[in-house]
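Coordinate-derived values only; no laboratory data. Please read these numbers as outputs of a predicted model, since none were measured by experiment. Here Cβ is always computed from backbone atoms with ideal geometry, including for glycine, and neighbour counts include all displayed protein chains.
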Amino acid sequence: MLLEARVLLEALRADARLAEWLRDLESEGAPRMEAVLPDADELPDLLLDLTVAHEHINELVALRGRLAADSEAMTLLARCVGRFVRDMGEIGKGWEPPAFPESAGPLGRCFHLYVFIAALPYVRAYHRGLGIPDDVSRRTLADLGRHVSVHHRRLGTPGLLFPWWIALHFHGELFQLGRLQFQRSRLGRRTGRAVAAAGLDAGPGDACLSLHIPDFHGPLSPASCERSIALAREFFARHYPDERHEVAVCHSWLLDPQLGRYLPADSNIIRFQERFRIAYQETTPDDGVPVGFVFGDPELPTRELPRRSTVERAVGDHLRGGGHWYVGHGWFAL
């Protein structure tokens, strides 16, 4: 019964980087926050509320029992929850969980998921304290289930490929508002300079909203984007009135102007690009990002990429022709 927890802890101690991470957590002494996992009867409904697929529920409930039965593993969970929630809502101060090796086993693959579950009472209290509507809270936190699906699509099992990304949602830094997600952030040096040069009263280090486009969320239509942006203006002015969000930014391969060679001018992606003024373009290729986003696995061989849609043909044909994709950094005034 305790095998998975033992495998997890031994794998962390065997990795020099993770062993140092453990020592850093342990240096704070006894856990400062209580970490309580829902029991086996409550957990399925909670997972479903977070949009975790039904096919994963039984495995996650079973792993929860094995985690809860090991006092040392539960102490680690409590330390992680305490580190995560202590600066709730502070931009850039959230806990960034490290990736665990495959040797950590199924529990290591899902451990961060249980950290977020145990942190839920603190997250919801933070949301309630700001008067954030329940539907916004629910849809924001439901991105956990979407990312479990991303893991399953790529690797065939439940887990989280990017736990550091979900940490933004559970730390009060990112919210789902309609089709788009908006992260409370700060202008970087180059984008901030471009904004200031355009005459806006904002520059490097000033508050901004970083815009993200989740997959599994329907078309990126102009109407859905307009609605999301309108929701964001109202939401952040109401719930974060001390922060001036006058600029939205996006850092994405979707802002690569090369897409214009392959997509019609009235396509959703080109219409999305037209919202932004480009501050700068990366010069180092990042082909894995569009391949992962469009096809589900950034390591798929280029020659095997399907051509089922206009976007699939654009991404794959460009790569097969010897081209590369680059991340663009754009902005617009809110």
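Taking each DSSP H run with n ≥ 4 as -39500 (n - 2.57) and averaging over every residue of the chain yields -15000 deg cm²/dmol at 222 nm. Distances between placed amide hydrogens fall under 5 Å for Asp287 paired with Trp325, all partners being 5 or more residues away or on another chain.
In order along the range 33-39, the phi-based Karplus estimate (6.51 cos²θ - 1.76 cosθ + 1.60, θ = phi - 60°) of 3J(HN,Hα) comes to 10, 7, 10, 10, 8, x, 6 Hz; Gly and Pro are listed as x.
DSSP beta bridges confined to the range 205-334 are antiparallel in about 85 percent of cases. Label point 7 Å out from Arg124 along Cα-to-Cβ: which residues of the range 36-62 have amide N under 19 Å? Answer for this model: 36-53, 61. Between Asp215 and Ala40, residue separation times 0.36 nm minus the direct Cα-Cα distance comes to 60.0 nm. Normalised radius of gyration (Cα atoms, divided by 2.2 N^0.38 Å) for the range 133-260: 1.13.
Gain on full extension, evaluated as 0.36 nm per residue between Glu274 and Leu155 minus their Cα-Cα distance, stands at 39.3 nm.
Once backbone amide H atoms are built at 1.01 Å from N, Tyr280 has His329 as its partners under 5 Å, excluding neighbours fewer than 5 places away on the same chain.
In terms of surrounding Cβ atoms within a 10 Å radius of their Cβ, Leu211, Leu155, Leu18 rank from fewest to most as Leu155, Leu18, Leu211.
Using modelled amide H (1.01 Å from N, peptide plane; none on Pro or chain starts), what sits under 5 Å from the amide H of Val247, excluding residues fewer than 5 places away? The answer is Leu209, Leu334. Here, the range 203-287 yields an orientationally averaged convex hull projection of 7.0 nm² when only Cα atoms define the hull. For the chain, the antiparallel share of DSSP beta bridges with both residues in that region comes to about 90%.
Tell me the GluC sites (Glu not before Pro) within the range 70-129 that lie in a loop according to DSSP and have at most 13 other beta-carbon atoms within 10 Å. Qualifying residues, ordered by number: Glu90.
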